[in-house]
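Every read-out reported here was derived from the displayed coordinates using simple, explicitly stated rules and does not represent laboratory data. Every value quoted in this text rests on a predicted model; they were computed, and no experiment measured them.
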Amino acid sequence: MSAAPDMDDDDAATTVMDRAALPPASGMRVSVAHSEPPRDTIADPPSLWKRARAFAGAVWREWRERVRKARLSDRLPPPPPPRSARATQVSAGAVGHDERGELLLLEILRAAPAYQHAAVYVASYGTALRNRGSEAYAEGIVHYALSRMRPDADGYVSFARLRDILCDVSASGALVSALLRLEKAGVVDIQRTEEAPKVPHRVQLRIPL
């Protein structure tokens, strides 16, 4: 096998360039992309009539939103955020204060007309209690709860029943203190036992709310 003839660098470069310029073996031509001339993509500005009509429509919508009658949702607090999965697992069956409020509004809407009318007065009463401070608020809640609870044959309500209904009120703190203030004012009568004289045993309502 004879050796290939020697070629200098210029001949090698020329040979490579000639082969690269040839079309591919399949017979297909290599197309060369040509850049298109730049186009003017700026849209025509809207006419004066279109701009005036759009401005008039925006003014009309804003005026209509201001003078419209307030919706019911505008007068209600925003819905509570969803509870996390961890909070639901830890406190299974517990209802948060915001969720309790949502259930309350729904139950008022579903209640009988007599209770719907009564809810207006109860809401006004609760708002007035909050404005008078924490002690007056606790006394008002206890007084209302006793006024709506059916007593036993002797006319008393057990402290355990009252504590279960007002489960979110501290029994050893706000609840007992509110009962003592109501007893001092002559609103309720408290019976105690010798085993636990500091803890109410039964409560009798003397002056209904």
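The P(r) of the stretch 133-209 has a tail past 21 Å containing 16 percent of all C-alpha pairs. Karplus-based coupling profile of the stretch 52-58, in residue order and whole Hz: 5, 5, 5, 5, 5, x, 5, with θ = phi - 60° in 6.51 cos²θ - 1.76 cosθ + 1.60 and x standing for Gly or Pro. Listed by chain and number, the lysines whose alpha-carbon sits under 18 Å from that of Lys184, ignoring those within fewer than 8 places in the same chain, are Lys198. Computed from backbone phi, the HN-Hα couplings of the stretch 123-133 come to 5, 5, 5, x, 5, 5, 5, 4, 6, 8, x Hz, rounded to whole numbers (Karplus: 6.51 cos²θ - 1.76 cosθ + 1.60, θ = phi - 60°; Gly and Pro given as x). Once backbone amide H atoms are built at 1.01 Å from N, His201 has Gln191, Arg192, Thr193 as its partners under 5 Å, excluding neighbours fewer than 5 places away on the same chain.
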